[in-house]
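We did not get these values from a lab; they are worked out from the coordinates using the rules stated. Not measured: the values here are computed from a predicted model. Cβ: placed from backbone, ideal geometry, glycine included. Neighbour counts: every protein chain shown.
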Amino acid sequence: MSQHPSAGAAFPRGVALLVAGAFFMEILDATIITPAIPRIAESFGVAALDVNVAISAYLMTVAVLIPVSGWAAARFGIRRVFLSAILVFTLASVGCAAAASLPMLVAMRVLQGVGGAMMVPVGRLAVLRSTGKTDLVRAIAVLTWPALIAPVLAPALGGAIATTGSWRWIFIVNIPLGVIGFLLALRMIRGEPASGHWSLDWPGMLLLGGGIATSLIALEKIRLHGTDWAVVAGGAVAAMALLAAAVRRLLRAAQPLVQLRVLTVQTLRITVASGSLYRMVITAVPFLLPLQFQLEFGWTPLAAGLMVAVLFLGNLTIKPFTTPLMRALGIRTVLLVNAVLSVGCFGLLAVLHPGLPVVAVAAILYVSGALRSIGFTAYNSLAFSDVVGDDLTHANTLNAAVQELAAGLGIAVAAVLLGQTGAYPATYMVLGALMALTLAETLRLPGDAGAAVSRSG
């Protein structure tokens, strides 16, 4: 594969926007059906709880297959894999919309997950390989917004569609977007197969996929059924055993599924550790807020969804200033200040109560959204700042898999904390304490960490 382009390479804005759109669809479809679960259950004649398997099947498929994306890009080429992924995702959306039973819906969601798992990491790799170091922050800023916006919009959008029309429209809206994305990708995406023989590390895939799947299944059981500690402990032991065996295999294999040696790059290693904890904590907020607004404040689903959308407003308005901040202060300083302010913001979230003026609630959520945007962009920029050449494939795959797992863990942890404490303020305070832990890793960064991408060039 080609090396990373020179600093003078033109910024591929069109490719970055295309991949961001694909990323948005992938994340949105993870949870958009949640508000429609009662309608789906009614149409299939099943219990509402049973429909959750359609969410779990999608998330598990994406998480398990992401590690395979690096091999697929090398073996078949970025262009071919990305086009195939969009096609599979779109056709699976047609199948979801036409599903006549719950098993058919679950099968189509698995197929959708196959497309999503290939679409996003491979698309991001296309952007990384065509972007110069000095423009990497700009590219990452574009690629970050779906992870910020989609989880916030999904509940409101899914609820609105399910309320005003059939739940099947949740999937139908993907079809024209998929067609447009496919046609644009035909013109924009490049990337041929790598030279040499690329065999798939089947033992590594099975062990790593099994470990990730076991983790997500255990977390989903916690979310749905509470804390049966015997089940939790058994799932945790099984997941750790599989993941430990996977690490051993990846370290010893001649052509591993993921090259763990990329973790010798300090900036990537700290991003994987601290950045995944950050994503876990931040992902919990859009999950908790709609519940709190409806169950504790007594708001309607629409009112709760509109208030949570204020997070999106914070994301959107701070975005133009994120890159200049990193260029002016450096990524390390931005991450440290952002972590301190985020801990304080969790303290503000802990004081939310029904008697608080709506304007004050909106202000707190706006600040939370702005901090989310800065943190996500900074960590994602830092991840690839010192990674070059063919290592980009493995770094991208590893980071994507860890971040996906962290996002799932965030929802599960929030549900467990809320169940154990029985109070939203206590849950927010614990999450704030976990956020504070990110400071320890960030302090280990050198002052010029990420300078290759944050300097103006």
To make sure I understand, if each residue's beta carbon is the centre and we count other beta carbons within 10 Å, what order do S215, S101, S43 fall in, fewest to most? S101, S43, S215
At 0.692 mPa s and 37 °C, Stokes diffusion of the chain via Kirkwood alpha-carbon radius, µm² per second: 147
Roughly what percent of Cα-Cα pairs across segment 43-194 reach past 17 Å? 67
How long are the three semi-axes of the equivalent ellipsoid for segment 262-457, computed from the Cα gyration tensor as the root of 5 times each eigenvalue, in whole Å, largest first? 31, 18, 14
Unit charges at the beta carbon, dipole of the chain: most positive-side option, W299, Y366, M205: M205
Out of G113, P176, V68, whose Cα points farthest toward the positive end of the dipole of segment 13-192 (charges: +1 Lys, Arg; -1 Asp, Glu; placed on Cβ)? V68
Principal axis box of segment 218-366, alpha-carbon based, largest edge first, Å: 60, 49, 23
How would V430, V247 line up from fewest to most surrounding beta-carbon atoms within 10 angstrom? V247, V430
Relative contact order of the chain, pairs being alpha-carbon contacts under 8 Å that are 6 or more residues apart, as %: 24
Dipole moment magnitude, nearest 20 debye, the chain about Cα centre, only Lys, Arg, Asp, Glu C-beta charged: 900
Rounded to the nearest 500, what is the chain's calculated 222 nm mean residue ellipticity when only DSSP H runs of at least 4 contribute -39500 (n - 2.57) each, over all residues? -26000 deg cm²/dmol
Just want to confirm a number: the relative contact order over segment 37-144, from Cα pairs under 8 angstrom separated by 6+ residues, in percent. 31
Specify which residue in the list S381, V281, A85 is farthest towards the positive end of the charge dipole of the chain, using unit charges on the beta carbon of Lys, Arg (+1) and Asp, Glu (-1), about the Cα centre. S381
